Amino acid sequence: MVKINITKKLFGSIGDMELKVDTDINRGEFIALTGESGSGKSTLLRILAGLERANGDITVDGDVWLSKQFFISPQKRRVGFVFQDYALFPNMTTLQNLLYIEKDYDLANYLLNMTQLYELRDRYPQNLSGGQQQRVALARALMLKPKLLLMDEPLSAIDPDMRQHLQSEILALHREFQTTTIMVTHNREEVSRLADRVLTIKYGLIIEDRRNSTI
Amino acid sequence: MEWIEGIDFTPFILSFQLATITTISLFLFTLPLSWYLSQSRSKVKPFIESLVALPIVLPPSVIGFYLLVLFSHNSPVGSFFVETFGVELLFSFSGLVVASCFYSLPFMVQPLQSGFESLNRSMLEASYVSGKGKITTLFRVALPNMKPALLTAIVVTFAHTVGEFGVILMVGGSIPEETKVASVAIYEFVEIMDYKSAHIYSGIMLLISFITLTSLYIFNRRQKEKRYW
């Protein structure tokens with residue numbers, strides 16, 4: 001279970017505001033995080049990953065990641081993070097991108113097969129299409145078998161056909177690994193297809209927290 | 001090829017030795033500094049950046065003068081080096097290395113810093129969240145993805161040190177086989193009106209510098225083409 005109770009002052013494009021999030025997330029849950037841009041969604045993900053500081057507490061399966069006295073570094077949290085721009089390492093091939101994270105050849109091959117990347121394992125990121133790069137980013141994020149998978153609009157730059165295909169892949173991977181997942185998205189279809197629960201943020205506050213009935 | 005037989009190549013060898021040692025030392029010492037400057041949002045950053053850039057705008061005589069004062073036996077730095085390491089910095093090759101490190105500092109730091117700044121931030125963060133520390137990230141992700149900046153820093157520092165003159169003359173003088181580098185040798189040839197030797201030395205310097213810079217620009221162009229394929 002992930003317990004989040006944090007505050008952070010944000011100086012965003014829509015003016016200064018306070019990000020204030022107090023919620024619990026059950027193990028294995030798939031959360032869609034929606035809301036206008038600049039409302040604090042990405043910042044929340046970055047705080048969970050330890051890439052930004054905040055006040056308050058974060059506990060994951062009983063381990064304290066953030067409290068008044070503690071700040072566990074991003075290196076020790078070992079979350080899976082899929083960045084909006086994929087952030088692949090251009091100097092490494094697909095396979096090397098995965099192995100850099102963890103030298104686990106079996107898992108790497110397994111993930112490459114699952115995401116249909118096995119044939120492309122020796123290609124460099126700049127020779128892959130957007131959709132393929134996105135799949136590498138996703139597979140790479142799962143190399144640590146993370147307790148928490150964070151995805152920041154992972155499908156925003158993908159064309160609609162590919163998008164559907166990747167949604168199915170994300171869903172398959174989620175069912176397989178049962179990773180607690182938080183995904184920032186603007187796309188309604190994505191929300192209804194993937195999420196167990198939907199959190200909507202506005203001006204730094206959760207204004208809606210609902211179960212997704214369509215799943 | 002008769003003309004080449006009478007040439008003493010020692011000044012060139014000295015120049016290249018000096019440039020090689022300076023480039024390696026500067027690279028190792030300024031890697032953490034450049035990284036810090038690229039990542040820092042601290043208020044002291046502009047002051048450090050100005051200090052680093054000073055050798056670009058200061059006349060070499062000013063740097064040479066202060067280093068002369070600093071290296072002398074009467075200064076704490078000069079006496080410290082003599083007493084602790086037994087190294088005489090004034091009018092010695094070791095002193096030239098230290099002086100060159102100051103003189104060429106911005107030519108190493110600035111390309112490295114802008115190279116680090118141009119890296120995709122989330123790429124570095126992707127390395128951090130996967131459990132990799134700053135040093136692993138630096139050597140396995142940051143540096144391999146900024147090869148043009150890396151090569152520019154190394155080549156320009158090297159070339160700039162080979163071309164160094166004023167500071168060397170002030171701090172090192174012109175001791176044959178110790179501090180008489182190629183640029184100083186050319187100056188002396190002109191002074192004694194040995195224009196033939198001056199021509200040969202200058203021609204060699206010009207050619208080497210041109211070839212070095214051309215290779216650098218060709219390499220960087222290829223890297224760019226590769227990146228935006």
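Compute the FRET efficiency between B:ALA53 and A:ASN26 as 1/(1 + (r/R0)^6), taking r as their Cβ-Cβ distance and R0 = 45 Å, and round to the nearest 0.05.
0.25
What FRET efficiency would be calculated for the residue pair A:TYR105, B:SER61, taking the C-beta separation as r and a Förster radius of 51 Å, to the nearest 0.05?
On the way: r = 61 Å, r/R0 = 1.20.
It comes to 0.25.
Sequence-distant contacts, meaning Cα pairs under 8 Å at least 6 residues apart, place the relative contact order of region B:8-227 at 29 percent.
How high is the FRET efficiency between A:GLU189 and B:ARG221 when r is their beta carbon distance and R₀ equals 51 Å, given to the nearest 0.05? Don't skip to the end; give the middle numbers.
Values: r = 44 Å, r/R0 = 0.87.
My answer for the efficiency is 0.70.
Over every Cα atom in region B:8-227, the radius of gyration and the widest Cα-Cα span, Dmax, amount to 19.5, 66 Å.
In terms of surrounding Cβ atoms within a 10 Å radius of their Cβ, A:ILE58, B:ILE175, A:ILE158, B:ILE168 rank from fewest to most as B:ILE175, A:ILE158, A:ILE58, B:ILE168.
First select every other residue whose beta carbon is under 15 angstrom from the beta carbon of B:PHE93; then total the charges, Lys and Arg +1, Asp and Glu -1. Numbers along the way, then the final one.
Numbers: positive: B:LYS180; negative: B:GLU88, B:GLU164, B:GLU177, B:GLU178.
Residues near B:PHE93 contribute -3 overall.
Put in line by how crowded their Cβ is, counting other Cβ atoms within 10 Å and starting with the fewest, A:VAL82, B:VAL82, B:VAL69 read B:VAL69, B:VAL82, A:VAL82.
Mind putting a number on the dipole of region A:28-137 about its Cα centre? Charges go on the C-beta only, +1 for Lys and Arg and -1 for Asp and Glu, and I need it in Debye to the nearest 20.
Details: 11 positive and 12 negative charges, 56 e Å.
Using only the charged Cβ atoms, the result is roughly 260 debye.
Taking square-rooted eigenvalues a ≥ b ≥ c of the alpha carbon gyration tensor, is region B:1-122 rounded, prolate or oblate, where a/c under 1.5 means rounded and, failing that, a/b exceeding b/c means prolate? Oblate.
For the pairs A:LYS41/B:LYS132; A:LYS8/A:LYS68; A:LYS3/A:LYS103, flag any whose C-alpha to C-alpha distance is greater than 19 Å. The partial results should precede the final answer.
Details: A:LYS41/B:LYS132 25 Å; A:LYS8/A:LYS68 13 Å; A:LYS3/A:LYS103 31 Å.
Exceeds cut-off: A:LYS41/B:LYS132; A:LYS3/A:LYS103.
Going by C-beta contacts inside 10 Å, put A:LYS147, A:LYS103 in order with the fewest on the left.
Numbers: A:LYS147 16, A:LYS103 10.
Ascending Cβ contact count within 10 Å gives the list A:LYS103, A:LYS147.
Each Cα pair under 8 Å and six or more residues apart adds its sequence gap; the mean of these over the residue count of chain A is a relative contact order of 29 percent.
Report, in order of residue number, the helices in chain B meeting two criteria: a C-alpha extent of 24 Å or more along the helix axis, and a mean Kyte-Doolittle hydropathy of at least 0.5; treat each whole DSSP H run as one helix.
Working: long enough: B:10-39 (43 Å, 1.13); B:93-118 (36 Å, 0.83); B:195-227 (47 Å, -0.02).
Span-like helices in chain B: B:10-39, B:93-118.
Across chain B, the longest run free of exposed loop sites, meaning trypsin sites (Lys or Arg not before Pro) lying outside DSSP classes H, G, I, E and B with no more than 15 other Cβ atoms within 10 Å, spans B:44-229.
Within the straight-line cut-off of under 16 Å between alpha carbons, the lysines reachable from B:LYS134 are A:LYS76, sequence neighbours fewer than 8 places apart in one chain being disregarded.
DSSP assigns beta bridges within the protein assembly as shown; of those with both partners inside it, close to 60 percent run antiparallel.
I'd like to compare B:159-165, A:25-31: which one has the highest average count of other Cβ atoms within 10 Å, and what's the full order after that? Spell out each step's value before the answer.
Working: B:159-165: 20.9, A:25-31: 17.4.
In descending order of packing, they fall as B:159-165, A:25-31.
Using the per-residue mean of other Cβ atoms lying within 10 Å as a proxy for protection, in what order, highest first, do the peptides B:88-100, B:50-62 fall? List each step's numbers first, then the result.
Details: B:88-100: 21.2, B:50-62: 13.5.
My ranking of the peptides, most packed first, is B:88-100, B:50-62.
Averaged over the residues of A:85-95, the number of partner chain Cβ atoms lying within 10 Å of the residue Cβ comes to 5.
Here is how the number arises for chain B: DSSP H runs of 4 or more residues each give -39500 (n - 2.57), the sum is divided by the residue count, and the result at 222 nm is -24000 deg cm²/dmol.
Read-outs throughout are calculated quantities, based only on the coordinates presented, and are distinct from any laboratory measurement. Keep in mind that this is a model prediction, so the values were computed, not measured. Here Cβ is always computed from backbone atoms with ideal geometry, including for glycine, and neighbour counts include all displayed protein chains.
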